[in-house]
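Written out below as structure tokens is the structure these notes cover.
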Amino acid sequence: MKKLGKYSIGIGDRFGHQGHAQLKAIIEAGKKGVEITPVWNKSNREHLIIGTQPHDVRTEADMVTSSAGFAKPYFVDADHINLDTVEKFIDSSDFFTVDVASYIGKMAGEDEIMQFYLAAEKYTGHFAFTGTNKSLRCSQDQLMDITDNYLFAIKKAGEIYRKIESLKGRGNFVTEVSMDEVYKPQTPTELFFILKMVAEESIPVHTFAPKFPGRFNKGVDYSGDPLKFASEFEADLMVIDYAVREFGLPENLKISIHSGSDKFSIYPHIGSIIRKYNKGIHLKTAGTTWLEEVIGLAEAGGEALAFAKEIYTKSLERIEELCEPYAGVIDIDTGCLPSAGEVSGWNSRKFASSLRHIPGNPDYNPNIRQLIHVGYKLAAQKKEIFSRLLEEHEDVVADSVFENIYKRHICRLFDIE
Ligand SMILES: [Zn+2]
């Protein structure tokens, strides 16, 4: 059975060209003593927009790992699947992110609710985590609310898990349960009872992705109080530790952070907390490799720069349509977007440095970055030209992809250089 390592990172490669560069970042971290399991993730939404199939991701992952002689485990993640979409991912995936966000708030049956409530009632009141200053408090009313809110969703997770298990066989895949794509974060207390529900459903969950406080907009830094995040993250680790022992969940259960990439202000907190408690982490990044492709093309100049500018111009024209599916995970100040006319006069350096996320660089514009992030549909509509340009400028694009994952993500999270 393939095992997800203590540290794993979810990498998205929407157009399937950058697997080599992404893997190079993982290999480089390994040379520095940080072993990271790569997980190539792609959601159904991304497949639909780009016109790819789940097996394309499998083909790419198999190809890049074998050509690099990478003999360690790696996975292909069916990202954010549910009962309606899981089927087509069965053959090609060995990691399933079971997304139950849309089921939260729906009520389970009265008997099921009562049964869970009675089983969990003994955890109401106050309990402290030994060796830390963290503790949880839960009233009976709160437990009832939590049961009303989450039991149905976790029962659905059980249903989805059992469907995958019946088709792939027990132990042949990694299961993540995610509820990050919701408006309201889950508190550590809620997480504790949710994990009890997961255990009652006998889901051998390896990673759990809660919604944290603050905003995790795609491709830009965390928006919120990093210290508040750190405190909740630490409490969540304690909860998982306790829940594993108390409910018999898998020993290697760890938190999955659907970071949306680029959460530079919280990476050092995550890193220092997991090292303090000797815990693992799954850091899922978004399809921001696409942004590095645009940056690389801009740097290449000529036709490639013109293509990058065209993506910006068209994104600006179709901003509402492109942003609509991502409303909860982007935050664009349209007043800070330069006009198409202004951008048409930019050289390679100006375009690339506006898009590249270097905090403190006066050219960096998070609004442009978020807009182009959701504009990948436009490149998908010109896939042949885009692919040709990527191939023609493979070296500069790959450097950009590598540097982004390795320097800006892995080094910050794992405190290496
Ligand atoms: Zn997510």
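The values are calculated or read from the model by the stated rules, or taken from the named source; none is laboratory data. Given the structure is predicted, the values throughout are model-derived calculations rather than measurements. Reconstructed Cβ throughout: ideal geometry from the backbone, glycine too, with neighbour counts over all protein chains shown.
If you go through region 283-298 one residue at a time, do you hit one that is part of a helix (DSSP H, G or I), without any contact (Cβ under 8 Å) to a residue 40 or more places away in the chain and out of contact with any Phe, Trp or Tyr (no Cβ under 6 Å at 6 or more places or on another chain)?
no
Against the test of being in contact with a strand residue (DSSP E or B) (Cβ under 7 Å, 6 or more places away or on another chain), away from the ligand (no atom under 16 Å from the Cβ) and either within 18 Å of LYS134 (Cβ to Cβ) or not assigned by TED's automatic domain parsing to the domain that holds TYR74 (or both), the options ILE240, ILE255, ILE273 yield a single qualifying residue, ILE240. Out of the residues in region 76-92 that are within 16 Å of the ligand (Cβ to nearest atom) and closer than 21 Å to LYS3 by Cβ, which is surrounded by the fewest Cβ atoms within 10 Å (Cβ to Cβ)? Out of the qualifying residues, it is PHE89. Working only within region 127-168, note down all residues that are outside any helix (DSSP H, G or I) and surrounded by fewer than 19 Cβ atoms within 10 Å (Cβ to Cβ). Hits for region 127-168 are PHE127, ALA128, PHE129, THR130, GLY131, THR132, ASN133, LYS134, SER135, ARG137, SER139. Is there a residue being away from the ligand (no atom under 16 Å from the Cβ), over 20 Å from HIS409 (Cβ atoms) and either of a type in the set (D, E, K, R) or at pLDDT below 95 (or both) anywhere in region 279-298? Checked against the condition, which is being away from the ligand (no atom under 16 Å from the Cβ), over 20 Å from HIS409 (Cβ atoms) and either of a type in the set (D, E, K, R) or at pLDDT below 95 (or both), region 279-298 yields no hits at all.
For region 32-59: of the residues being of a type in the set (Asp, Glu) and more than 15 Å from ASP91 (Cβ to Cβ), which is nearest to the chain's Cα centre (by Cα)? So that I can check it myself, show each step before the final result.
Filtering region 32-59 for residues of a type in the set (Asp, Glu) gives 35, 46, 56.
From what's left, more than 15 Å from ASP91 (Cβ to Cβ): 35, 46.
Values: GLU35: 19, GLU46: 13 Å.
Among residues in region 32-59 that are of a type in the set (Asp, Glu) and more than 15 Å from ASP91 (Cβ to Cβ), the one nearest to the chain's Cα centre (by Cα) is GLU46.
No other residue among SER92, SER8 is touching a Pro at 6+ places or on another chain (Cβ under 7 Å) and of a type in the set (S, T, N, Q) apart from SER92. Residues that are in contact (Cβ under 8 Å) with a residue 60 or more places away in the chain and among the charged types (D, E, K, R) within region 311-335 comprise LYS314, ARG318, ASP331, listed in sequence order.
Looking across ASP180, ASP225, ASP221, one residue alone is within 16 Å of the ligand (Cβ to nearest atom) and within 30 Å of TRP290 (Cβ to Cβ). It is ASP180.
The set of residues in region 177-190 being surrounded by fewer than 24 Cβ atoms within 10 Å (Cβ to Cβ) and within 15 Å of MET238 (Cβ to Cβ) consists of THR187, PRO188, THR189, GLU190.
Any idea which of ILE372, ILE416 is closer than 26 Å to ASP180 by Cα and either of a type outside the set (S, T, N, Q) or in contact with a helix residue (DSSP H, G or I) (Cβ under 7 Å, 6 or more places away or on another chain) (or both)? Sole residue among the options that is closer than 26 Å to ASP180 by Cα and either of a type outside the set (S, T, N, Q) or in contact with a helix residue (DSSP H, G or I) (Cβ under 7 Å, 6 or more places away or on another chain) (or both): ILE372. The residue of region 150-177 that is farthest from the ligand (Cβ to nearest atom), among those that are of a type outside the set (A, V, I, L, M, F, W, C) and either in contact with a strand residue (DSSP E or B) (Cβ under 8 Å, 6 or more places away or on another chain) or under 14 Å from ASP79 (Cα atoms) (or both), is TYR161. Check whether at least one residue in region 358-365 is surrounded by 13 or more Cβ atoms within 10 Å (Cβ to Cβ), on the phi < 0 side of the Ramachandran plot and touching a Cys at 6+ places or on another chain (Cβ under 6 Å), and report yes or no. There is no residue in region 358-365 that is surrounded by 13 or more Cβ atoms within 10 Å (Cβ to Cβ), on the phi < 0 side of the Ramachandran plot and touching a Cys at 6+ places or on another chain (Cβ under 6 Å). Scanning region 289-343 for residues being more than 15 Å from GLY375 (Cβ to Cβ) and surrounded by 21 or more Cβ atoms within 10 Å (Cβ to Cβ) gives a total of 4.
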